[in-house]
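This report concerns only the one structure given below.
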Amino acid sequence: MARIAIVGRPNVGKSSLFNRILGRREAVVEERPKVTRDTKEAVVTWRGVELTIVDTGGYLANADGLDHAVSTMVETTIRRSDAVVCVVDARVPPTVEDEAIARIVARQGVPHLLVANKVDAPSHEPGMWEHVALGLGEPLAVSAVHGRGVAELLDALLVLLGLENAEERPRVEQVVREPDLAVAIVGRPNVGKSSLFNRLVGESRSIVYDQPGTTVDTVDTVVATEQGTVRFVDTAGLRRRSRFESGTEYFSMVRTLAAIDAADVVVLVIDATEGVTGWDQRLVERIDAAGSPVILVLNKWDLLDAEQKARVERDVEDRLAFVTGSAPLRVSALTGRGVHRLVPAILEARADYEHRIPTAALNRFLAEVQAQNPAPGARVLYAVQGSTRPPTITLFTTRALAPTYLRFLERRIQQAFGLDATPIKLRVRRRGA
């Protein structure tokens with residue numbers, strides 16, 4: 001599958017073009033520069049040909065700090081692509097940044113197209129011809145907002161890649177399988193989620209920088225393992241709505257919550273140097289509401305001394321005792337120490353998440369529990385597991401069960417049937433109700 005990178009300086013409409021090609025709002029778009037930082041990929045089919053389209057951050061020449069990290073990622077993406085769409089703003093004469101990225105595209109020798117965006121009407125076309133001076137050929141007029149010229153752009157890409165006659169070739173049926181497992185990596189800003197994501201997928205897909213809010217959109221990659229394919233999703237750092245500074249942060253939050261809801265397993269990353277915060281507790285509650293298994297990861301563990309480690313472990317035990325799952329993993333995403341234990345923990349959580357308890361075994365166990373610890377004023381007559389993901393058990397009772405007794409049964413069932421790595425749900429139906 002050909003990989004097409006959309007590149008250009010900030011605020012020329014790369015993400016808008018990316019969304020228009022896909023026909024949906026996949027990338028966060030806002031009328032200000034530097035919203036997109038990480039590379040975001042999606043597959044589109046055009047005239048029977050599947051193409052991987054890659055949205056990139058805005059390139060800045062001679063940048064430093066976070067902007068330098070974004071620009072370096074853009075250059076890496078260009079080298080790894082089969083073709084490049086270089087986007088410029090037709091309403092603005094060529095800038096120093098346009099010239100810099102044009103030189104990079106030409107130097108890499110990657111097949112390319114020059115696209116003049118924001119040509120919303122024929123009257124806007126004259127300005128685009130100034131960009132011929134960039135040396136990337138004649139520009140194609142496009143309006144990402146209105147969809148003008150996008151079909152012609154995709155046709156030109158097929159010609160550029162030698163795939164224009166693909167519809168006339170014998171069609172080979174392709175079976176596209178969804179990944180076997182979806183894993184969302186979540187946490188507060190600047191706890192090391194992107195570093196852990198890059199370590200797991202084996203390449204730099206997310207920008208890593210020592211500044212909160214570096215990741216503003218979800219980035220996902222499918223990785224093949226011996227146990228099947230896993231989709232890892234790096235998410236933006238969640239923080240309280242009262243601290244939002246822009247609409248971008250709202251959309252980041254929406255994307256992150258959607259990733260949690262769609263995940264089979266959620267990895268919650270905690271900065272061990274800061275310990276467990278009240279916001280970490282809120283995140284666990286939100287993950288639990290989605291019904292997904294959660295794996296706690298204490299990142300930056302290598303930066304703590306023995307006394308600090310003991311304090312953090314007590315903190316986790318005191319403040320996150322209600323979390324279902326195995327013991328927290330102590331890792332360093334930066335060095336890779338301990339990260340090898342994460343995938344086995346994820347697979348164990350998925351197995352528990354999909355586990356089904358035999359009805360006879362479940363009812364024998366509940367009879368034993370009630371003989372030792374009967375419910376106050378009520379009795380469980382019968383139980384059956386109606387579904388998995390997570391394991392959901394319906395209890396048929398004489399009367400309503402107290403919440404404390406339900407929590408007691410939940411924990412005993414998890415311990416008895418080895419379901420420590422997943423939450424379970426108990427539903428109560430009174431006899432005759």
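Summary of values
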read-out	value
Qualifying position, being over 23 Å from residue 57 (Cβ atoms) and among the acidic types (Asp, Glu), among 120, 98	120
Given (1) farther than 21 Å from residue 265 by Cα; (2) without any contact (Cβ under 8 Å) to a residue 24 or more places away in the chain; (3) exposed (fewer than 12 other Cβ atoms within 10 Å of the Cβ), index of the condition residue 379 fails	(3)
Residue within the stretch 388-408 that is in contact with a Pro (Cβ under 9 Å, 6 or more places away or on another chain), in contact (Cβ under 8 Å) with a residue 40 or more places away in the chain and under 21 Å from residue 322 (Cα atoms) present	yes
All strands (runs of 3 or more DSSP E) inside the stretch 218-302 with 1 or more residues being at pLDDT 85 or above and assigned by TED's automatic domain parsing to the domain that holds residue 313	228-234, 265-271, 294-299
Candidate set from the stretch 152-169 (those that are out of contact with any Asp or Glu (no Cβ under 7 Å at 6 or more places or on another chain) and in a loop (DSSP other than H, G, I, E, B)); member that is modelled with the highest pLDDT	162
So residue 377, is it at positive phi and assigned by TED's automatic domain parsing to the domain that holds residue 201	no
Any hit, the stretch 319-326, residues being closer than 15 Å to residue 284 by Cα and part of a helix (DSSP H, G or I)	yes
Within the stretch 45-61, considering residues that are within 21 Å of residue 165 (Cβ to Cβ) and of a type outside the set (A, V, I, L, M), the one surrounded by the most Cβ atoms within 10 Å (Cβ to Cβ)	46
Meets criteria (over 30 Å from residue 267 (Cα atoms), modelled with pLDDT of 95 or more and outside the structural domain of residue 289 (by TED's automatic domain parsing)) for residue 395	yes
Enumeration of residues in the stretch 133-151 that are touching a helix residue (DSSP H, G or I) at 6+ places or on another chain (Cβ under 7 Å) and either outside any loop (DSSP other than H, G, I, E, B) or over 21 Å from residue 102 (Cβ atoms) (or both)	134, 140, 141, 145, 147, 150
The one condition in (1) at pLDDT 75 or above; (2) within 21 Å of the chain's Cα centre (by Cα) that residue 8 fails to fulfil	(2)
Which numbered condition residue 115 misses (of (1) farther than 23 Å from residue 147 by Cα; (2) β-branched (Val, Ile, Thr); (3) touching a residue at least 40 places away in the same chain (Cβ under 8 Å))	(1)
The stretch 62-82, subset surrounded by 17 or more Cβ atoms within 10 Å (Cβ to Cβ), closer than 29 Å to residue 129 by Cβ and small (Gly, Ala, Ser), residue modelled with the lowest pLDDT	71
Contacts under 9 angstrom Cβ, first residue in the stretch 351-363 being more than 26 Å from residue 379 (Cβ to Cβ), partner part of a loop (DSSP other than H, G, I, E, B) and at pLDDT 95 or above, 6 or more apart	none
Residue match in the stretch 310-319 (condition: surrounded by fewer than 19 Cβ atoms within 10 Å (Cβ to Cβ), closer than 24 Å to residue 426 by Cα, in the same structural domain as residue 188 (by TED's automatic domain parsing) and modelled with pLDDT under 90)	yes
Any hit, the stretch 326-347, residues being touching a helix residue (DSSP H, G or I) at 6+ places or on another chain (Cβ under 6 Å), within 30 Å of residue 223 (Cβ to Cβ), without any contact (Cβ under 8 Å) to a residue 60 or more places away in the chain and aliphatic (A, V, I, L, M)	yes
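For (1) surrounded by 15 or more Cβ atoms within 10 Å (Cβ to Cβ); (2) at pLDDT 90 or above, each residue gets a yes or a no:
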| position | (1), (2) |
| --- | --- |
| 324 | yes, no |
| 336 | no, yes |
| 340 | no, yes |
| 362 | yes, yes |
| 371 | no, yes |
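The values are calculated or read from the model by the stated rules, or taken from the named source; none is laboratory data. Treat the numbers as computed from the prediction; the structure is a model and nothing was measured. Positions of Cβ are generated from backbone atoms using ideal geometry, with glycine treated the same way; all protein chains shown enter the neighbour counts.
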